[in-house]
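Worksheet: the structure to be examined is printed underneath.
The values are calculated or read from the model by the stated rules, or taken from the named source; none is laboratory data. Everything numeric here is computed off the predicted structure, so don't read it as measured data. Note: ideal-geometry Cβ built from the backbone for every residue, glycine included; neighbour counts use all protein chains shown.
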2 protein chains.
Amino acid sequence: MANTWRSIDECKAFAGLKRLAESPFDLTANAALSPERLQNFVCKGVEFDLLYACQRVTPEVLDGLQSLADECMLVDQFKQMREGAVMNRLENYPSEERQVLHTACRDIFSRDPACEAASNQAKTELEKLKVFLHELDQGLVCNASGESFDTLIHIGIGGSDLGPRSIYEALSAYKKKSRGVYFISNVDPDDSAAILERVDLLRTLVLVVSKSGTTLETLSNESMVRTALKEAGLDPARQCLAVTGESSPMDNPDRYLRSFYMYDYIGGRFSSTSMVGAVMLGFALGYDQVLEFLQGASLMDEAAGEKDLRKNLPLLLAMLGVWNHNFLAMDTVAILPYSQGLHRFPAHLQQCDMESNGKSVQRNSRQVQIKSGPIVWGEPGTNGQHAFYQLLHQGTEDVAVEFIGFRQSQRGKDLVIQGSSSQQKLIANLLAQSMALAVGKDDENPNRRFSGNRVNVILMAKRLTPKSMGALLALYEAKIVFQGFCWNVNSFDQEGVQLGKVLAGQILSAMLVKAGGESVAAAFLKAAGIK
Amino acid sequence: MANTWRSIDECKAFAGLKRLAESPFDLTANAALSPERLQNFVCKGVEFDLLYACQRVTPEVLDGLQSLADECMLVDQFKQMREGAVMNRLENYPSEERQVLHTACRDIFSRDPACEAASNQAKTELEKLKVFLHELDQGLVCNASGESFDTLIHIGIGGSDLGPRSIYEALSAYKKKSRGVYFISNVDPDDSAAILERVDLLRTLVLVVSKSGTTLETLSNESMVRTALKEAGLDPARQCLAVTGESSPMDNPDRYLRSFYMYDYIGGRFSSTSMVGAVMLGFALGYDQVLEFLQGASLMDEAAGEKDLRKNLPLLLAMLGVWNHNFLAMDTVAILPYSQGLHRFPAHLQQCDMESNGKSVQRNSRQVQIKSGPIVWGEPGTNGQHAFYQLLHQGTEDVAVEFIGFRQSQRGKDLVIQGSSSQQKLIANLLAQSMALAVGKDDENPNRRFSGNRVNVILMAKRLTPKSMGALLALYEAKIVFQGFCWNVNSFDQEGVQLGKVLAGQILSAMLVKAGGESVAAAFLKAAGIK
C-alpha cells in the first residue's frame, strides 16, 4: 500500500516550485498588497476564514502546490486515515502498526461515519459520560457528606495534558459558574504541591489520564493526590476517575469511581476530542457544550476532504506551510493568537506538530532528503507586540507567522477608551501587524527600516466558542497530518522519546545505588552536584 | 567612542573559528562524553553551575571564543554600561541616546557602586517601598472598612508584565499565605474580565505599570479596572498604585495612592529588578525577600566582570550561544527549565532576548553582515519530553538547548514511588535528556536511530529561591547584553515595534469612520469580516 506514497521532493511539481521560489512574489512592491489581493486571497472554511494575501505566493505557486498535493494524494490519504487504514506504521521494520482514528471521536453526527466501529465506540463512551454528568448534576454522584463536587483535578502529561488544558483555558468563559478545573502534569513535586494547597479536597474529583495506565509522571502525581486524599480522611476510590485503555492496569473499579476508555488508534497528541478532553470539558461546561465542540471538529474533518486546495482550508494552510518551510527556507512557525483565551494553544500545537513531524525517516524507512517538521512556537498578541515582535519585524531570522483572531470577544465586557473598544483595538492591532510584516517600510534612518516580505496568514472567526474551538483544533490536526504526508513521515509514532526514557532509568538506578563507581558517568557526577 | 567597537565577524579570531566549525567536536565518538569531560567542562558561578560538556567545543574553540570576547571588549563594555555610559544609541542617526542602568537597581549592597547616582535613586525607591509595605502590614494602609488588602492586580504589558509575572510564578512558593497577585496585560477585554470575575475588589490593590504613563493597552486595562472599582462603590484613588516615570501623566497623587519611580535608563524588558518587579514582589513575599532577590542579581552582575571566559558564567553562556548560532548555524535556542515554578520564564527570556537582539543594524548604522539574535522558545520539562522533544532528538532542525535544573524542590513535599522521589525522577530525566541529545544511539531500525550531536548546556543550582532567581535573571540579562555587543547591535531600543503601532492607529481610525471608501484597504476589508 505505502509503495505509492511519495515525499514532495519526489514529485514532478517540486522542481517547478523550486524555480518559482527563486523569485517569490514581492509583497513590498508598489501596490502589491492591493485591496483586490486582500479580498481574493481568502479561503472560507468552517467557522474560520484564512486570509493569505500576505504570503509570497502567486496563482502559479498555488497551482504548483495543488499539483504537489495531488501527486502526494494528500486528500486521498486523509480519507483512508479516517476510514481506518493502518497509517501508523513503517515499512520493513517493526513499528506500532495501528490505525489513526482520532477523527472518529467526533464522527458521531453522520448516519454514515467514515469508520463505523470506531465511531460506535466513541458514542458508547459519550453516552457513559452523559450519564455520569447527569448523575453529578442530580447529586447522585457526591461526596461522603452528600455534597456535590465542584472541582476537578486533571492529571496527565503530554498529549493527556496540553490539549485539554489549552482547550479548557480557551473555553473557561463558558464554564459553569460553580465548577473549576486544575491540571497537574509535571513530575516536579512542586507542581502537585501548589495545586493541592489550593483545592478543597472534600469536593474534588480527580481525573487520571493515561492510555497505557503506566505513565510514570502521571502515576507519581496520582499517588501524591491519593495520599493527600487519604490524609484528609477521604476515600480515593470514591473520588478518582480514570481515562485509560480498556483493561489497562488503571481500568479497575476497585480504585476508580468510573473509567472512560480511549483506544490504541488514538494518539495522545490527537486525543483532545476523545474522553481525554471530553470528561474534563463535560465537567466544566456541561455535555451539550462538549457536543458543540465535537461538531465543530467534525465539520472541519469533513471539509478537509475537498480536493481543491483553494477551497480546503486545512490543506491550503498545510501547503502554504510547506512552501514557506521547504521552498522559502523558514525553519520556524510562530502561532500568534489575538485572544487571551488561546494563550496555551500554541504550546499544544507545538507538541502536536513537533512530536508528529519532527522525524527524519520516511514511512518507507529511507532517510528524508528534505526538511520535515518545523519548530512551532508562539504567545498571544497584543502581548507579543511588546516583546519578541521586534525580531519578527527587523531581525535576521525569517519566521512564518500564523495569526488567529476573532471579531467579537468572548465575555462581551468591554469599554470605549479614546474612541474605540478594547476589542476594536485588538483586531486593529492584529490586522496592522499582518500588513506591517508584509509590506515593510523604507526610511532614511536604517534603524527605522522594515524589510517587509515577512509572511503571515490570518485565521479569522466570529467568536471563540466551543464550536469554533473544535473547528480550530481539527484544522490544525488536519494541517499537521497533511504535512506529515508531504514529507512521507509517520506522524503518529514518537520513537524519539525512547532514548531519554531509557537513560533516565539508568541514571535513576545508578543514583539509588549507594556504592560509588556505579557510573553512567558516576550517576552523572552525583546527580550534577558535580565531583 | 563607539568607533572602537566591532562585530565578531570583524575580529581576527573569526576566521579561525569558522575553520574549526567545519569539523566540530563529535559528541557521538566512542567515549567522547567521558567522565573527565563531564567534570572538566563545568563553570562554577553565583548560585549556578554551567555544565557544558555537551557542547561541540574543544579547548581550542574556547580559546577562539575568548579571543572574540577580548577583541570585542565585551567585559569592558559591560563595565562601561554599569558605570553609566550612553549605550542605547546609534551613530549618525537619531536614537534614544540613553544610559543603560538596570544593573544599578541591584547595585545597592556595595559601598562603591558602579554608578552612584542611579544606585541612590534605586535606594530611594526601595526605601519608599519598605515604608509602604510596613504600613500595609501594620494596617495603616487599608480599605475604607479598615480591612487589609490581600490581593494585588498587576497591570502592565511587555516588559512591565512578562518579567514580573514569570518571577512571581517562580517564587510563589515563598509568598505570604494570605496574599495573592493577578496579572492583566492583554488588550483583549476577556483578559481583564476573567480576572475581575475572580477577585474581591474590596480587598484588592491595583498596580499600574507604565514608564511613559501612556501605554495604550495598560491604560485601557486600568480603565476597565477603575470602572469596576467605581461600580463596586469603591474609590480608585485609594486602591491604585503607580510604577511610572517621575512626572509622567501617571505620576499623580490625586489618582494614585502611591507612585514608585522608574527611570529612562531602565528598559522595559530589563526592568524586573526595578520597582516594576519589586512592588509586586514586595507585596507578595515581603521586603526581605525582595532584597534577597536583588542580592542574587547583584552578585551575578559583579561576577560578569571577570575577563576569563572559563570563569565567567554569563560570558561563557553568551559565547557558546554565539558559537552555536553564528558558527554551527542553529537558528533557535530552546530554554527548558526542569522546574514547574519557571514555567513562564522562557516567555520572559523570549521577550528579553528577541526584543534586544532581533536587529539588523549595527550601532555604527551599517547593516549586520551575520545573523544577530536567534529565536528563543521553551516550555518546562518533563512536560516537554512528552511533547516537542521528539523533534529535538530526531527532527531535521538543529536546536541549541539550555536546560535549567535544581537539586532540591521548592516546597519539599515529595513521595517515594517505585523506589525514587519525584525530585529524583525529575533530575534523572534532565540529566538523561542532556546525555541522550549529545551522544545519540545507533540502531538497526532507522526509526530508532538518534543522530546525537544535539548540543545543550545545563544550568544547575541547589534550589529555586529569591536569591537564585535573582541570579538567574541577571545571568540571562548579562548573556543577552554580551551577545548584543558581539553583533554590535543596540540591544536597548525597539524601533521594530513602531510600524505596527502606526498602522494599527490608521486601521483603527479607518474602522471608526462610518463612511465607506476610508481605505487602508477599506479598513482591512471591514476589520476582516471581508468585503
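Out of (1) assigned by TED's automatic domain parsing to the domain that holds B:Glu477; (2) among the aliphatic types (A, V, I, L, M); (3) in contact with a Lys or Arg (Cβ under 9 Å, 6 or more places away or on another chain), the odd one out for B:Val322 is which?
Single failed check for B:Val322: (3).
Would you pick out the residues in region A:232-262 that are assigned to a loop (DSSP other than H, G, I, E, B) and closer than 21 Å to A:Thr151 by Cα?
Passing the criteria: A:Ala232, A:Gly233, A:Leu234, A:Asp235, A:Arg255, A:Tyr256, A:Leu257.
Would you pick out the residues in region B:138-165 that are closer than 19 Å to B:Gly180 by Cβ and away from chain A (no Cβ under 14 Å)?
B:Gly139, B:Val141, B:Cys142, B:Asn143, B:Glu147, B:Ser148, B:Phe149, B:Asp150, B:Thr151, B:Leu152, B:Ile153
Among the candidates B:Glu197, B:Glu147, B:Glu135, B:Glu125, single out the residue that is in a helix (DSSP H, G or I) and touching a residue at least 12 places away in the same chain (Cβ under 8 Å).
None of the others qualify; the one that does is B:Glu125.
So is B:Asp301 over 21 Å from B:Arg179 (Cβ atoms), crowded, with 19+ Cβ neighbours inside 10 Å and among the charged types (D, E, K, R) or not?
Against the criterion (over 21 Å from B:Arg179 (Cβ atoms), crowded, with 19+ Cβ neighbours inside 10 Å and among the charged types (D, E, K, R)), B:Asp301 qualifies.
Residues checked against (1) modelled with pLDDT of 90 or more; (2) farther than 21 Å from A:Val416 by Cα:
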site: B:Ser166; (1), (2): yes, yes
site: B:Ser172; (1), (2): yes, yes
site: B:Lys176; (1), (2): yes, yes
site: B:Asn186; (1), (2): no, no
site: B:Glu217; (1), (2): no, no
site: B:Arg226; (1), (2): yes, no
site: B:Thr244; (1), (2): yes, yes
site: B:Pro249; (1), (2): yes, no
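Failed condition for A:Phe388, given (1) touching a helix residue (DSSP H, G or I) at 6+ places or on another chain (Cβ under 6 Å); (2) aromatic (Phe, Trp, Tyr); (3) under 24 Å from B:His386 (Cβ atoms), with all others met?
The one condition A:Phe388 does not meet is (3).
Residue by residue, here is whether (1) over 18 Å from the mean Cα position of the chain (by Cα); (2) facing another protein chain (nearest Cβ under 10 Å) holds:
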residue	(1), (2)
A:Leu294	no, no
A:Leu317	no, no
A:Asn326	yes, no
A:Asp331	yes, yes
A:Gln350	no, yes
A:Met354	no, yes
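In region B:1-55, how many residues are within 22 Å of B:Val333 (Cβ to Cβ) and within 26 Å of the chain's Cα centre (by Cα)?
16
Residues being among the hydrophobic types (A, V, I, L, M, F, W, C) and surrounded by 24 or more Cβ atoms within 10 Å (Cβ to Cβ): count how many of those fall in region A:323-332.
Number of matching residues: 1.
Any idea how many residues of region A:2-51 are on the phi > 0 side of the Ramachandran plot and either surrounded by 11 or more Cβ atoms within 10 Å (Cβ to Cβ) or in contact with a Leu (Cβ under 8 Å, 6 or more places away or on another chain) (or both)?
Matching residues across region A:2-51 total 1.
When the residues of region A:438-448 are narrowed to those that are more than 8 Å from every other protein chain (Cβ to nearest Cβ) and closer than 19 Å to A:Cys54 by Cβ, which ends up surrounded by the fewest Cβ atoms within 10 Å (Cβ to Cβ)?
Within region A:438-448, the match that is surrounded by the fewest Cβ atoms within 10 Å (Cβ to Cβ) is A:Asp442.
If I filter region A:459-485 down to residues being polar (S, T, N, Q) and under 20 Å from A:Asn312 (Cα atoms), which single residue comes out as surrounded by the fewest Cβ atoms within 10 Å (Cβ to Cβ)?
Within region A:459-485, the match that is surrounded by the fewest Cβ atoms within 10 Å (Cβ to Cβ) is A:Ser468.
In region A:336-343, is there at least one residue being out of contact with any Pro (no Cβ under 6 Å at 6 or more places or on another chain), over 23 Å from A:Asp76 (Cα atoms), in a loop (DSSP other than H, G, I, E, B) and outside the structural domain of A:Gln39 (by TED's automatic domain parsing)?
The answer is no, given that none of the residues of region A:336-343 is out of contact with any Pro (no Cβ under 6 Å at 6 or more places or on another chain), over 23 Å from A:Asp76 (Cα atoms), in a loop (DSSP other than H, G, I, E, B) and outside the structural domain of A:Gln39 (by TED's automatic domain parsing).
Among A:Asn488, A:Asn429, A:Asn456, which is the only one that is on the phi > 0 side of the Ramachandran plot and surrounded by 20 or more Cβ atoms within 10 Å (Cβ to Cβ)?
Going through A:Asn488, A:Asn429, A:Asn456 in turn, just one is on the phi > 0 side of the Ramachandran plot and surrounded by 20 or more Cβ atoms within 10 Å (Cβ to Cβ): A:Asn488.
Exactly one condition in (1) within 14 Å of another protein chain (Cβ to nearest Cβ); (2) out of contact with any Ser or Thr (no Cβ under 9 Å at 6 or more places or on another chain); (3) not aromatic (Phe, Trp, Tyr) is false for A:His134; which is it?
For A:His134, the failing item is (1).
Just give me the residues in region B:136-153 being within 15 Å of B:Arg258 (Cβ to Cβ) and touching a Cys at 6+ places or on another chain (Cβ under 9 Å), in sequence order.
B:Leu136, B:Phe149
Considering only residues that are within 14 Å of chain A (Cβ to nearest Cβ) and within 23 Å of B:Met300 (Cα to Cα), look in region B:52-64 and name the one that is surrounded by the fewest Cβ atoms within 10 Å (Cβ to Cβ).
Of everything passing the filter in region B:52-64, B:Tyr52 is surrounded by the fewest Cβ atoms within 10 Å (Cβ to Cβ).
For A:Ser451, all conditions in the list (1) of a type in the set (Gly, Ala, Ser); (2) more than 7 Å from every other protein chain (Cβ to nearest Cβ); (3) closer than 15 Å to B:Gln506 by Cβ hold save one; what is the number of the exception?
It is condition (3) that A:Ser451 fails.
Take the conditions free of Cβ contacts under 8 Å to residues at least 60 places away in the same chain and crowded, with 23+ Cβ neighbours inside 10 Å and apply them to B:Gly500. Does it pass?
In short, yes.
Look through A:Ser409, A:Ser434, A:Ser420 and report the one residue that is within 7 Å of chain B (Cβ to nearest Cβ) and surrounded by 24 or more Cβ atoms within 10 Å (Cβ to Cβ).
A:Ser409
What residue, of A:Leu316, A:Leu281, is in contact with a helix residue (DSSP H, G or I) (Cβ under 7 Å, 6 or more places away or on another chain), aliphatic (A, V, I, L, M), in a helix (DSSP H, G or I) and closer than 24 Å to A:Gln80 by Cβ?
A:Leu316
Quick check on my filter: what residues within region A:39-93 are among the charged types (D, E, K, R), closer than 28 Å to A:Lys18 by Cβ and without any contact (Cβ under 8 Å) to a residue 60 or more places away in the chain?
Of everything in region A:39-93, those that are among the charged types (D, E, K, R), closer than 28 Å to A:Lys18 by Cβ and without any contact (Cβ under 8 Å) to a residue 60 or more places away in the chain turn out to be A:Glu60, A:Asp63, A:Asp76.
Select, from A:Leu426, A:Leu464, A:Leu415, the only residue that is touching a residue at least 60 places away in the same chain (Cβ under 8 Å), more than 19 Å from A:His325 (Cα to Cα) and within 7 Å of chain B (Cβ to nearest Cβ).
Step by step, each of A:Leu426, A:Leu464, A:Leu415 is checked, and only A:Leu426 is touching a residue at least 60 places away in the same chain (Cβ under 8 Å), more than 19 Å from A:His325 (Cα to Cα) and within 7 Å of chain B (Cβ to nearest Cβ).
Considering region B:65-95 alone, what residues qualify as being in a loop (DSSP other than H, G, I, E, B), of a type outside the set (A, V, I, L, M, F, W, C) and either surrounded by fewer than 17 Cβ atoms within 10 Å (Cβ to Cβ) or in contact with a Leu (Cβ under 7 Å, 6 or more places away or on another chain) (or both)?
Of everything in region B:65-95, those that are in a loop (DSSP other than H, G, I, E, B), of a type outside the set (A, V, I, L, M, F, W, C) and either surrounded by fewer than 17 Cβ atoms within 10 Å (Cβ to Cβ) or in contact with a Leu (Cβ under 7 Å, 6 or more places away or on another chain) (or both) turn out to be B:Gly84, B:Glu91, B:Asn92, B:Tyr93, B:Pro94.
Would it be correct to say that B:Ala122 is in contact with a Ser or Thr (Cβ under 8 Å, 6 or more places away or on another chain), modelled with pLDDT of 95 or more and surrounded by 23 or more Cβ atoms within 10 Å (Cβ to Cβ)?
Spelling it out, B:Ala122 is indeed in contact with a Ser or Thr (Cβ under 8 Å, 6 or more places away or on another chain), modelled with pLDDT of 95 or more and surrounded by 23 or more Cβ atoms within 10 Å (Cβ to Cβ).
If a residue must be touching a helix residue (DSSP H, G or I) at 6+ places or on another chain (Cβ under 7 Å) and within 14 Å of chain B (Cβ to nearest Cβ), how many such residues does region A:469-491 contain?
8
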